[in-house]
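Student: Sending over a structure as structure tokens; questions will come in a sec.
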Amino acid sequence: MPRDAGGAGDVLRDLRTATAAEHEQVEATLDLMDPALDRDRLVDVLSRLHAFWSAAEAGLDDWAARHRADAAALDWARRRRTGLYAADLSALGGSAGDDRPDLPPVDGTDEALGRLYVLEGSTLGGTFIDRHLATVPGPAGGLRVRAFSPYGEDTGAMWAAFRRFTRAHVDGGGDAGRVVAAARQTFAVLAEWCAPAARVQGADA
């Protein structure tokens, strides 16, 4: 989970606290740190994540076209990952489907930051998942999913840049409540969309 040292009233702290339950639900559903993770379930998860990212980024692209300065300041073009998920799927012998989850439009930068909190926060855990995949025995072992850790050594710097922009935006008149609400809504859609990819307990017993 994304961590932040901000105190009471800090938007990053509010985001972390308000989305803790949703974050844990998604993490438990995907269970990508499962020692018994196999290639088929990894492909299923990636297919779901590709569809979600595609829908989430489509809304952010619309926002970026209307708020070019904010998008440029956030380095939005570098943060897009739909193409990476598609490439990872292809490398594993999977393919992207046509279905996508329904997400609300991104009305402004408040909502964009809430959605990005979910997308960008996943890169922190993604580095651990990547390391785990390298140790998993069997068909899924030794794999590297580029979409999980797209920034490599720049992961910390990219997350720090997102935090700085988010705090500055709220301090400059942005609505922290709208940012948090957008993050919770994004997490809720992600959890529901990924539910079918959950490992059935006892299936490999």
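Student: Sort Ser95, Ser54, Ser149 so that the residue with the fewest other Cβ atoms within 10 Å of its own Cβ comes first and the one with the most comes last.
Tutor: Ordered from fewest to most neighbouring Cβ atoms within 10 Å, Ser95, Ser54, Ser149 come out as Ser95, Ser54, Ser149.
Student: Once the cut-off is 20 Å, how many percent of the Cα-Cα pairs in the chain end up in the long-distance tail?
Tutor: 56
Student: Quick one: compute the contact order of the stretch 11-197, relative version, from alpha carbon pairs under 8 angstrom and 6+ residues apart, as a percent.
Tutor: Answer for the stretch 11-197 is 39 percent.
Student: Further question: Using the number of other C-beta atoms within 10 angstrom as an exposure proxy, rank Trp76, Trp53 with the fewest first.
Tutor: Fewest-to-most ranking of Trp76, Trp53: Trp76, Trp53.
Student: Treating only the Cβ of Lys, Arg, Asp and Glu as charged (+1, +1, -1, -1), what charge dipole size does the stretch 11-197 show about its Cα centre? Round to the nearest 20 debye.
Tutor: Values: 21 positive and 28 negative charges, 105 e Å.
In debye, rounded to 20, the stretch 11-197 gives about 500.
Student: Right, another one. What's the extension gain from Arg68 to Leu124 if we count 0.36 nm per residue and subtract their Cα-Cα distance? If you can, show how the numbers build up before the last one.
Tutor: On the way: separation 56, 0.36 × 56 = 20.16 nm, distance 2.61 nm.
Difference between extended and current length: 17.5 nm.
Student: Continuing with the same structure: Subtracting the Cα-Cα distance from 0.36 nm times the residue separation, let me have the gained length for Ala58 to Arg39 in nm, one decimal.
Tutor: Stretched out fully, the Ala58 to Arg39 stretch lengthens by 4.0 nm.
Read-outs throughout are calculated quantities, based only on the coordinates presented, and are distinct from any laboratory measurement. The shown structure was predicted, so the numbers you read here are calculated from the model rather than taken from an experiment. A quick note on method: Cβ atoms are made from the backbone with ideal geometry, for glycine too, and the neighbour counts reach across all protein chains shown.
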